[in-house]
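Trainee: Can you read through this structure? Questions will come right after.
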């Protein structure tokens, strides 16, 4: 049987999509690198992956692949294996199951073109500039991984809406794009926070595309404010998958319930489609499953 040649435009389209994912992955790895280095952890960049030699802070991977052709054995050889070790397969092409890993969650890379129109922000956003402000921001996010050293990086910015709503997000430059991540809505409307994050990031970085990755409801919000899907990723974790027993919800959730974006994840394994809908983030930063999605 004769094989039809692949049209040149199809090859170019595939390469462009792959480039978009590479740029998003590099941007995300740049953020992970800054967080790990702020904890004095040794990191390494190669053409096909970013890695950290000792265990990364909770919510952060030990490796991020930067090429669909990444050498898995070489990547695993540069990280500290053991319970909680995680690898972000930026192209969802690797199989880590034979190495004892299980899929923690799958997500979608997103991109928003700089040429798209952007409206003004609704909430009163302020850049976090002091260690005390960053500590308050971290308490709102409920992930204790952000030290004062991050404030000295010229490519990272933290934004807070203040105590009125308790919302926040972060942006970073890398890979030729600006990443939006660590978004939490507090008591504000998540759609407003997403729209405002786009407005603030675009105003601070004119002419540069926005990128990131999300899943679940946060992916829906991102698409609603102009992002498009550019590819899939998969996060693998070493060790057996734990399936927590559901607990019934009694009454209303407390004011500590958060809407949290998926740039970071906690090292407790949950079925990925349920984390955003049914998790409450405790003061220790770990999600407790309240009940299963029907």
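Trainee: All but one of (1) free of Cβ contacts under 8 Å to residues at least 60 places away in the same chain; (2) assigned to a loop (DSSP other than H, G, I, E, B); (3) surrounded by 13 or more Cβ atoms within 10 Å (Cβ to Cβ); (4) within 22 Å of the chain's Cα centre (by Cα) hold for residue 136; state the number of the condition that does not hold.
Mentor: Evaluating residue 136 over (1) free of Cβ contacts under 8 Å to residues at least 60 places away in the same chain; (2) assigned to a loop (DSSP other than H, G, I, E, B); (3) surrounded by 13 or more Cβ atoms within 10 Å (Cβ to Cβ); (4) within 22 Å of the chain's Cα centre (by Cα) leaves (2) as the failure.
Trainee: Something else: Would you say residue 155 is in contact with a helix residue (DSSP H, G or I) (Cβ under 9 Å, 6 or more places away or on another chain) and surrounded by 14 or more Cβ atoms within 10 Å (Cβ to Cβ)?
Mentor: When the stated conditions are applied, residue 155 passes them.
Trainee: Which of the following residues is crowded, with 19+ Cβ neighbours inside 10 Å, part of a loop (DSSP other than H, G, I, E, B) and in contact (Cβ under 8 Å) with a residue 12 or more places away in the chain: 123, 104?
Mentor: 123
Trainee: Please indicate, with yes or no, whether at least one residue in segment 209-224 is at pLDDT 95 or above, under 17 Å from residue 111 (Cβ atoms) and part of a loop (DSSP other than H, G, I, E, B).
Mentor: Yes, segment 209-224 has at least one match.
Trainee: Could you tell me whether any residue of segment 35-45 is in a helix (DSSP H, G or I), under 14 Å from the mean Cα position of the chain (by Cα) and either closer than 19 Å to residue 153 by Cβ or modelled with pLDDT of 95 or more (or both)?
Mentor: yes
Trainee: Also: Tell me the residue from 75, 64, 87 that is in contact with a strand residue (DSSP E or B) (Cβ under 8 Å, 6 or more places away or on another chain) and more than 21 Å from residue 213 (Cα to Cα), please.
Mentor: Going through 75, 64, 87 in turn, the sole match is 75.
Trainee: Quick one: which of 98, 117 is loosely packed, with under 14 Cβ neighbours inside 10 Å, in a helix (DSSP H, G or I) and out of contact with any helix residue (DSSP H, G or I) (no Cβ under 7 Å at 6 or more places or on another chain)?
Mentor: Residue meeting the stated conditions: 98.
The values are calculated or read from the model by the stated rules, or taken from the named source; none is laboratory data. What you see is a predicted model, and the numbers here were worked out from it, not measured in a lab. Quick reminder, even Gly has a Cβ in these numbers, built from the backbone with ideal geometry, and neighbours come from all protein chains shown.
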